[in-house]
1. Using only the alpha-carbon atoms, how far is helix 19-28 inclined from the longest principal axis of the chain? Give it as 0 to 90 degrees, nearest 10.
2. Using a 1.4 Å probe and ignoring any ligands, DNA or RNA, find the accessible area of Arg21 and quote it in Å² to the nearest 10.
3. Looking only at region 148-171, which residues have a backbone nitrogen under 18 Å from a spot 7 Å from the Cα of Leu136 in the C-beta direction?
4. Check cross-link reach from Lys158 to the lysines: straight Cα distance under 24 Å, and skip same-chain residues fewer than eight apart.
5. Taking 1 over the mean of 1/r across every pair of different Cα atoms in the chain, what Kirkwood radius in Å do you get?
6. Can you compute the modelled spin-label distance between Ser65 and Leu156, with each label point 7 Å from Cα toward Cβ, in nm?
7. Mind checking the angle between helix 109-118 and the chain's longest principal axis? C-alpha axes, 0 to 90 degrees, to the nearest 10.
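The values are calculated or read from the model by the stated rules, or taken from the named source; none is laboratory data. If you're wondering where the values come from, they're calculated on a predicted model, not measured in any experiment. Glycine gets a Cβ as well: all are built from the backbone with ideal geometry, and neighbour counts include every protein chain shown. Note: accessible area is taken over every heavy atom of the protein model, side chains too, but ligands, DNA and RNA are not part of it. Shrake-Rupley method; radii C 1.70, N 1.55, O 1.52, S 1.80 Å.
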Amino acid sequence: MSEQGLERWYVVQAKPRQELRAQANLENQGIEAALPMITLERIRRGKRTKVREPLFPGYIFVKLSNYADKFYKIRSTFGVSKVLQFGTSPAQISGELVQNLLALDGDSPEIKELQRHAVPQVGDKVHILEGPFKGLIAEIIKLDGESRCIVLLDFLHKQVRAGFDLTEVQR
């Protein structure tokens, strides 16, 4: 098979938070585009919500049989910033890896670990971001509803319990 007919996966950098737009525009041009997604739990407006986000924010994978013919078409696509290159060579990724990334789901240990780190959990050490305890490190001992937590912190050589909004603490 000639080099012309080989299909390879390339890495495209999207403009900030425009991965879905870039993917749709690439696909509208007949270019196969892959955007691995993940479902995470985040705090939005004080509530825990599940959101779908790109696994690799800012990057899309495209499958091409003739890179040279499609380079300018891809680069001028709305939502695309550039084709990732190392020197003068375009960044490539194996098709098998792309398929594995697309097949990831919430049951894999790696995804469960990412999901666990999205929202603070009981036992996590957190930094207090606001208020009189700003800068101190505490341990979450209880989640209080959707948007609050109870922490245990050392203050003046005493263990003190305090309640914080989850937006006021950071892992």
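1. 20 degrees
2. 120 Å²
3. From region 148-171, the list is 149-171.
4. Straight-distance partners of Lys158: Lys125, Lys134, Lys142.
5. 19.0 Å
6. The answer from the label model is 7.6 nm.
7. 50 degrees
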